[in-house]
Amino acid sequence: LRQEAETEIGRLYLKKQITEPMLLAGQEYARRVGAYRATIGAPSGMAGSGRWSGCNPDLCQIEPGDCVCASALKDYQEFHEVTAKCGRRVEIVMKRVVIHGESPGNYELAILVVGLSAISKHMRLTERGKSRYA
């Protein structure tokens, strides 16, 4: 069984309903949301793939003055701004499908594609899934 089959966006990719750049954008979106939720101490069912259980400045400092929690917030806000520009419906469908793993309804797939495409474009992903500026 392929790793992509473990998530809803992965299954959409395997069914060729979304492209590889959209899959990678969705995976990064889920990672950023999870990392942010973990820093705010969200319940584990909402924490996504993040690893932190709340900000502890003594433990999350990479370098003096460089808080991992602040970095997670910045990363989350970056993608939130991208999806917010697409409209509230896109934000809702992205969270339902990418974060909560729900299957998109018939009309929601097109809405999901708008959000994933926006993030993919923002990340400058190519069809091979590699960033143009990496």
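Points to keep in mind about this one:
- Looking only at residues in region 120-134 that are outside any loop (DSSP other than H, G, I, E, B) and in contact with a Pro (Cβ under 9 Å, 6 or more places away or on another chain), the one that is modelled with the lowest pLDDT is L125.
- Residue check for L73: surrounded by 13 or more Cβ atoms within 10 Å (Cβ to Cβ), of a type in the set (A, V, I, L, M, F, W, C) and at pLDDT below 95: yes
- Tally, over region 15-38, of residues that are assigned to a helix (DSSP H, G or I), of a type outside the set (A, V, I, L, M) and out of contact with any Leu (no Cβ under 7 Å at 6 or more places or on another chain): 8
- Restricting region 1-13 to residues that are open to solvent by 70 Å² or more (accessible area, probe 1.4 Å) and either at pLDDT 95 or above or part of a helix (DSSP H, G or I) (or both), the residue that is nearest to S103 (Cα to Cα): R11
- Those residues of region 87-105 which are in a loop (DSSP other than H, G, I, E, B) and surrounded by fewer than 18 Cβ atoms within 10 Å (Cβ to Cβ), in sequence order: G87, H100, G101, E102, S103, G105
- Near pairs, Cβ below 9 angstrom, 6+ apart or cross-chain, from region 91-109 (at positive phi) to any residue that is among the aliphatic types (A, V, I, L, M) and open to solvent by 40 Å² or more (accessible area, probe 1.4 Å): none
- Matching residues in region 14-43 - criterion: being modelled with pLDDT of 95 or more and of a type in the set (F, W, Y): Y29
The values are calculated or read from the model by the stated rules, or taken from the named source; none is laboratory data. Small disclaimer: the values here were computed from a predicted structure and weren't measured. No Cβ is skipped: glycine too gets one built from the backbone with ideal geometry, and neighbour counts run over all protein chains shown. When the accessible area is computed, the model is the full protein with side chains, heavy atoms only, and any ligands, DNA or RNA have been set aside. Shrake-Rupley method; radii C 1.70, N 1.55, O 1.52, S 1.80 Å.
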